[in-house]
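Every number in this text was worked out from the coordinates using simple rules, so none of it is lab data. Computed from a predicted structure; not experimentally measured. Neighbour counts run over all protein chains shown; Cβ positions are idealised from the backbone, glycine included.
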Amino acid sequence: MDTQRQNDLALGFRFLAAALQDEPAAELLQLLAGESFFKGAEDSGFWERVQRLISFCQAGDAQEQLAQARYDYADLFLNAGPDPVFAYHSLYTEKVSTVQQKPLFDLRGRLRELDLRVREDFMDLDEHIAVELELCAWLLEQSREDDFTAFFGESLMAWAPQFFARLQESAGTDFYKGLGDLGAAFLECVQGSAGGFCAGLAAALRAAGFAPGVPLLVPGAKPAEPDREIPTHCYTCGALCGMTAKVSDGVMQKTGGLPGDPKGGGKVCPKGAAAARHVNSPHRLKSPLIRENGRFRKAGWDEALNLVAVKLQAVPEGKLAYFRGNDYAKFVHEAFFDALGCPKGTHRTMCDNSNRMTNEHTLNDKRPWINYQESEYIILFGLNELATSYGQRKTAEFKKALSNGAELVVFDPRKSETAAKATEWLQIVPGTDGAAAMAMAYVIISEDLYDKEFVEHWTTGFAEFKARVLGEEDGVPRTPQWAQEITGVPAEALERVAREFAAAKSKGAISWTGLAQTYNGHWSTAAVQALNGLCGTFDAPGGPSLPFKRKLGSAWGEGQAKPEKKAAPKVNDFLLWSGWSPALFEDQVNEGKLQAMVCYWGDPVLTWGNSESVKRGLEKLDFLVVIDAFMCNTALLADVVLPESTWLEHPDLKPDWLYEAFLSYFAEVVKPMYDTRPMWRICQGLAERMGVHGAAPWSSLDEAHANQLRGTPWTLEELKEKGFIITDEARYYKYKEWSGLNPPEGYASSGKSRTGKYNFVNPVSAERGVDALPDHKPIDALYAPDVEYPFIFGNFRLFVHEHCSTFNNVQLMKLQGTNSLVMNDEDAAELGLSSGDQVRVSSPWGQTEIPVEPTPDMRRGVLGAAGGFGHLRGLEGDPKFPQFGGVNAPGALMPPNSVEPTGGTPPLKYIKARVEKAG
Ligand SMILES: Nc1nc2c(c(=O)[nH]1)N[C@H]1C(S)=C(S)[C@@H](COP(=O)(O)OP(=O)(O)OC[C@H]3O[C@@H](n4cnc5c(=O)[nH]c(N)nc54)[C@H](O)[C@@H]3O)O[C@H]1N2
Ligand SMILES: Nc1nc2c(c(=O)[nH]1)N[C@H]1C(S)=C(S)[C@@H](COP(=O)(O)OP(=O)(O)OC[C@H]3O[C@@H](n4cnc5c(=O)[nH]c(N)nc54)[C@H](O)[C@@H]3O)O[C@H]1N2
Ligand code: SF4
Ligand SMILES: [Mo]
């Protein structure tokens, strides 16, 4: 290659690298709009290939054109838009949609050989197109022609043509379409021997005075970091199983179980096993975004945090809501938003507050998980243990109990994964579990089968409960015959199961959201728990094990004063709980109770009920900040979007429990990627700007965690090394040691029994004038099925997904990438529907279209759909992945602003509906 061509090519590569490494710069547009560049292009005859680019830069107002190019940059490269273009090598040559695969390691190897490294302050991945383009320039400038030819041919040409073609296709402006044209033409020219285009481009660039700016590649190799296996925990779902993460040269590779950990039992589920694809998803948020003229543009952290701080300070006290979908390192953000006096909301209200208002008052905890190890008889009411299990060890023990011959009775309108393995699947009418459980209590009490010793010494309110069950209060004995009419479950089955349960040596009954997410779930949950109360199963082998966790010290050390908490208004007052239920959001905004919100790691549009209603509420806010790892549906409505590092990029320490009490450590497995920050640093940045002193006074979270462990026998070093520390061994009948159901001083659980015993009569209800006994409560006619809407719809969960959090994980999307409407096959036949037909499901409150899946595995009159789908961005929204994408059915069908009365939980599993063929 002659020197002239070498120089021309190098300049072309430098130009493309400069144009693509970050947002478009004003100088670049100026240069392209200038007379010299224009003339250069015309004179050398390559005008045609740069026409779109130059015309864009010359059109209209320069400021406006720059703004448009920047919005397009955010859409294309920062995942703000629906059709992103990925600037990373791995995405084009590897078979999986994941960044940082083999091409990254190849590139790093090559850079090391050349004694080069990528500049430390480059906030993007090493395998970025700009880096490879620049390396080509460097090799040419060093006259390493053979190296250049090899790298260009083997590496860059393997993907850059596809990259530029994508730009031409996906860009929203002629700026990026034009860069696509230019890039494609340039590569063609480099590849061929005809030098016309490259020479022309170089001449035009020289004429226009192009200067390449600070290089991305700097001298000095960066040695590879050693391979590591890091003990940590999984935060994909709330189960928090132990996990081992494998990291090579700072890149997350693989995850597996953590041997011996109490929660996972050394195993992770498919979601945990896919965690590397979470971190390395190409659809992640990478930089702060600010909304401007209805579009997003990239912002630096300073600009974004300054804006957020000013806007939050302008919100009248008590009207700024803080929602967090998750608990990760919650002591930091809780303290900060408490200091601002914010009404705080969490996923718990959306999830199972109705259930908690029973178990946390009648017992010591929201969910005393059954210790399946020795179970001989298990009854599950609307809990799909095999798909939604809180902990893989629990699942393994459950499976072991079944293979040892344990009886399993499942009440569920749907043949769930667990119902499919049951000795008996009882297809109950939704919203009627209370009647089934009361009828079983009737059999146990009237046939004198209950545990007299336990009832006498360890319970209160038995006489009242007995009177209710036998019908002494209202003349309606809760007999199996009575229940059969309501539940659709044969009286014979209820009787038999009740007797078998009472007779079994080790046993337990439990429920979850199948009950909690209906209008009467509070009382039905209480009825299920009463079966345990009657049979004295708490803390007995095979029964619900009473939780206890260690309490940790304050994260604020000596000389660090935690900011004071300002009282926040109670937004709602339900029968048994006061606080903020976001399920009533639109009303709250309309009533002026809330004016602005910070939403962290949650997606209200997908999870707060009726999506249109939630959106109306969000749009009426004065200011909305979303902090998330992905562009969720709620972020699309935000004024500012702050990109958080994923849970594998910042640490946490949690006291936990599953039979044993233990501490678990969540490691910083890899450094925060891109220009993301962990939440504690975001809070720190805001606190500094808003004068909230001491909100996050640490130099790292290690400091905070070490503070939390002060005065305990355990050190952070030991915890980091092992991943977990068992603080208290599992024991049966702990309540006998404790002389009551509540754990002793130094331990925590989520609830507390005021009497220290199991309460058949809920003491908090009794105090508040709410029916305090378990029962079946008929559902209000407004919500019950009728002639027009004869079906009951309920959402359910998939084993391979978590809420709406895993839909950018390609490994999990490949396992289940879409959803359908599950309905009984005879019901479908009556409506003339066959498998795969597109149907319209409607409720009085909305409608949606979805393919139907008729099956004998669903009770007649009941509809269901797997939840979590419906994202507008990411793999579901991206046209490059047409195979992925589903429907958020409850979001379309839910009554807006509707909750059950005790704890404000939205009835996601009880929506009346109608089905018909679409079109
Ligand atoms: N339609 C419908 N609504 C529901 C339910 C349902 O099944 N269907 N279930 C209800 C229940 S039980 C619950 S508990 C709630 C849960 O509701 P949420 O708490 O809102 O849901 P999550 O899926 O936990 O959080 C979703 C957000 O977390 C983000 N995210 C994922 N990983 C990370 C990460 O590593 N870091 C950060 N910062 N963000 C991340 C995702 O991008 C997503 O926007 O929803 C309730 N609402
Ligand atoms: N894989 C996975 N695991 C998870 C989650 C996840 O998203 N994915 N989310 C976690 C969270 S936050 C939660 S709250 C739990 C929820 O855990 P579960 O409550 O087990 O989850 P669901 O699948 O929503 O509901 C369980 C069953 O209730 C049935 N059902 C619906 N209506 C009724 C009814 O009226 N009566 C009865 N008896 N059954 C009914 C449904 O058909 C479904 O099979 O799962 C946790 N674990
Ligand atoms: S059940 Fe699966 S997703 Fe949940 S914590 Fe355990 S490994 Fe992670
Ligand atoms: Mo939940």
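When both bridge partners sit in the chain, DSSP labels roughly 55% of those beta bridges antiparallel. Label the stretch 811-919 by shape, choosing from rounded, prolate and oblate, from the square roots a ≥ b ≥ c of the eigenvalues of the Cα gyration tensor; if a/c is under 1.5 it is rounded, and otherwise prolate applies when a/b is larger than b/c, oblate when it is not. Taking the square roots of the gyration eigenvalues as a ≥ b ≥ c, the stretch 811-919 is oblate.
For the chain, the longest principal axis of the alpha carbon atoms and the long axis of helix 145-154 meet at an angle near 40°.
Over 24 Å apart: what share of the alpha carbon pairs of the stretch 253-351 falls there, rounded to a whole percent? For the stretch 253-351, the fraction of Cα-Cα distances above 24 Å is 51 percent. Can you give me the C-alpha center-to-center distance between the stretch 105-173 and the stretch 523-563, rounded to a whole angstrom? Comparing the Cα centres of the stretch 105-173 and the stretch 523-563, I get a distance of 55 Å. In degrees from 0 to 90, rounded to the nearest 10, what is the angle of the helix 491-503 Cα long axis to the longest principal axis of the chain? The two axes meet at around 90 degrees.
Whole angstrom only: what separates the Cα centroid of the stretch 260-319 from the Cα centroid of the stretch 847-882? Cα centroid of the stretch 260-319 versus Cα centroid of the stretch 847-882: 26 Å apart. Beyond 31 Å in Cα-Cα separation lie the following of the pairs Lys263/Lys909; Lys466/Lys752; Lys366/Lys909; Lys551/Lys777; Lys330/Lys400: Lys551/Lys777; Lys330/Lys400.
For the stretch 58-204, the equivalent ellipsoid derived from the alpha-carbon gyration tensor has semi-axes of 26, 21, 15 Å in decreasing order. Neighbour counts of C-beta atoms inside 10 Å place Ser287, Ser700 in the sequence Ser700, Ser287, starting with the fewest.
Compared with the dominant Cα axis of the chain, that is its longest principal axis, helix 679-690 is turned about 80°. Here the stretch 542-644 is treated as a sphere whose radius is the Kirkwood value from Cα pairs; by Stokes-Einstein at 37 °C and 0.692 mPa s it diffuses with a coefficient of 200 µm²/s. Cα-based values for the stretch 1-139, radius of gyration first and Dmax second, are 17.0, 48 Å.
Using a cut-off of 11 Å between beta-carbons, work out the net charge of the residues near Leu812 (Lys and Arg +1, Asp and Glu -1, Leu812 not included). That sum, taken over residues with Cβ under 11 Å, equals +2. For the chain, the Cα gyration tensor yields ellipsoid semi-axes of 56, 29, 26 Å (square root of five times each eigenvalue, largest first, whole Å).
Other residues with beta-carbon under 13 Å from the beta-carbon of Ala502 carry, at +1 per Lys or Arg and -1 per Asp or Glu, a net charge of -2.
Taking a ≥ b ≥ c as the square roots of the eigenvalues of the alpha-carbon gyration tensor, the stretch 633-781 is classed oblate because a/c is 1.5 or more while a/b is no larger than b/c.
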